[in-house]
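The values are calculated or read from the model by the stated rules, or taken from the named source; none is laboratory data. Small disclaimer: the values here were computed from a predicted structure and weren't measured. Don't worry about glycine lacking a Cβ; one is built from the backbone with ideal geometry, like all the others, and counts go over all protein chains shown.
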Amino acid sequence: MNRAFDLSGRTAVISGASSAMGDAIAAEYAQAGARLVLGDLAEAGMEATRDRLLAEGHEVVCRRTDVTMRAEVDALIELALSRFGQLDVMANIAGVIHDSPVIDTDEADLDRVLAVNLKGVYFGCQAAVRAMQARQSGSIVNMSSSGGFTALPMLSCYSMSKAGVMALTRVLAAEVAASGIRVNAVAPGYVEGGMTTRHARKPDGHLDEEKMERTRTRVRERIPLHTLGTPDDIAHAFLFLASDASRYMTGQVLHTNGGTYMP
Ligand SMILES: NC(=O)c1ccc[n+]([C@@H]2O[C@H](COP(=O)([O-])OP(=O)(O)OC[C@H]3O[C@@H](n4cnc5c(N)ncnc54)[C@H](O)[C@@H]3O)[C@@H](O)[C@H]2O)c1
């Protein structure tokens, strides 16, 4: 591996580690040498990721974390400090999505999406900066989305939250640059797995493969590179932004979307 991508001796916290992307990012960071602290509401998936990485010989701990609760996010960062003595990388991945036209959106759904996608990232940034300031270094990588840059009908709550993540990323990057802390974001387009399977689920929760395949075909046609993103594609962007390979970047967004949106 190019040494610029090496995370040996560094500690990374990942929220939303149960998701396919969180899992891929955890694996990418572990392979680059990082010690990991994983957080998610969904414990089973997070523990499966932890156990797999432990079996591969990596240093990993996890803690059930609701990112909408500031005290729980603080406790996740505390776990990193108490177990590994420092925090070098914070990846804010946890997110939810909700489909409804603006005119029909319930206040409860609006609040839930903003609480997880925006306040959760805000709390993650606050706790991470406090820990990183002690060492005057660190990299925060936030999960935005191409939905924050394009007009996707039915996704107002989600799009607002992901645009807000970008605004937060820029403002915080300007505030903490002098402390040696970088803050960037990744804005994926369509990525296979996770929330993009929600319309192809049967009532029992299992995937309707035929419906999913029709969705894949339709989406692929809209993407200039004619291919769907994978969790590994996103994990590579998260490694770049976490590592010294991006040491001259802050306040930026990487658009990993197959060319769907070209700023
Ligand atoms: N799949 C895509 O195409 C795509 C595209 C762009 C951005 N994203 C973003 O990537 C991230 C992962 O999405 P995914 O598609 O893998 O979906 P997913 O639903 O599989 O993952 C979301 C994760 O967030 C966790 N989570 C939800 N609420 C939480 C809370 N209150 N506290 C802690 N964890 C919580 C879930 O348990 C889950 O592990 C999200 O932020 C999403 O917005 C996804």
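Take residue 263 and decide whether it is touching a Phe, Trp or Tyr at 6+ places or on another chain (Cβ under 9 Å), surrounded by fewer than 13 Cβ atoms within 10 Å (Cβ to Cβ) and in contact (Cβ under 8 Å) with a residue 24 or more places away in the chain. Here the answer is yes, as residue 263 does meet what is asked.
If you scan region 63-89, which residues turn out to be assigned to a helix (DSSP H, G or I), in contact with an Asp or Glu (Cβ under 8 Å, 6 or more places away or on another chain) and either within 16 Å of the ligand (Cβ to nearest atom) or among the polar types (S, T, N, Q) (or both)? Walk me through it before giving the result.
Looking only at region 63-89, we keep the residues that are assigned to a helix (DSSP H, G or I), and these are 70-84.
Adding the requirement that they be in contact with an Asp or Glu (Cβ under 8 Å, 6 or more places away or on another chain) leaves 72, 84.
Once the filter is applied, which keeps residues that are assigned to a helix (DSSP H, G or I), in contact with an Asp or Glu (Cβ under 8 Å, 6 or more places away or on another chain) and either within 16 Å of the ligand (Cβ to nearest atom) or among the polar types (S, T, N, Q) (or both), region 63-89 yields only 72.
Take residue 120 and tell me if it is within 15 Å of the ligand (Cβ to nearest atom) and in contact (Cβ under 8 Å) with a residue 12 or more places away in the chain. Judged against the criteria, residue 120 is a match. When region 240-255 is filtered for residues that are out of contact with any Ser or Thr (no Cβ under 8 Å at 6 or more places or on another chain) and crowded, with 19+ Cβ neighbours inside 10 Å, the ones remaining, listed by number, are 250, 254.
Quick grid of which residues meet (1) within 16 Å of the ligand (Cβ to nearest atom); (2) among the hydrophobic types (A, V, I, L, M, F, W, C); (3) modelled with pLDDT of 95 or more:
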| site | (1), (2), (3) |
| --- | --- |
| 153 | no, no, yes |
| 162 | yes, no, yes |
| 170 | no, no, yes |
| 177 | no, yes, yes |
| 181 | no, yes, yes |
| 187 | yes, yes, yes |
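Output the residues belonging to region 180-210 that are surrounded by 15 or more Cβ atoms within 10 Å (Cβ to Cβ) and part of a helix (DSSP H, G or I). Residues satisfying the conditions are 194, 195, 196, 197, 200. Go through region 216-236 and count every residue that is more than 18 Å from residue 194 (Cα to Cα) and either in contact with a Leu (Cβ under 6 Å, 6 or more places away or on another chain) or not in a helix (DSSP H, G or I) (or both). Total meeting the criteria: 4.
With the structure loaded, tell me whether residue 237 is surrounded by 13 or more Cβ atoms within 10 Å (Cβ to Cβ) and either modelled with pLDDT of 95 or more or closer than 20 Å to residue 21 by Cα (or both) or whether it fails that test. In short, yes. Put simply, of 39, 33 the only residue that is touching a residue at least 12 places away in the same chain (Cβ under 8 Å), near the ligand (Cβ under 10 Å from one of its atoms) and either surrounded by fewer than 18 Cβ atoms within 10 Å (Cβ to Cβ) or not in a helix (DSSP H, G or I) (or both) is 39.
Within region 101-149, being over 25 Å from residue 17 (Cα atoms) and surrounded by 15 or more Cβ atoms within 10 Å (Cβ to Cβ) holds for one residue alone: 105.
Which one is nearest to the ligand (Cβ to nearest atom), of the residues in region 49-62 that are hydrophobic (A, V, I, L, M, F, W, C) and free of Cβ contacts under 8 Å to residues at least 12 places away in the same chain? For region 49-62, the residue satisfying everything is 54.
Just one of (1) within 13 Å of the ligand (Cβ to nearest atom); (2) surrounded by fewer than 15 Cβ atoms within 10 Å (Cβ to Cβ); (3) small (Gly, Ala, Ser); (4) within 29 Å of residue 182 (Cβ to Cβ) fails for residue 44. It is (4).
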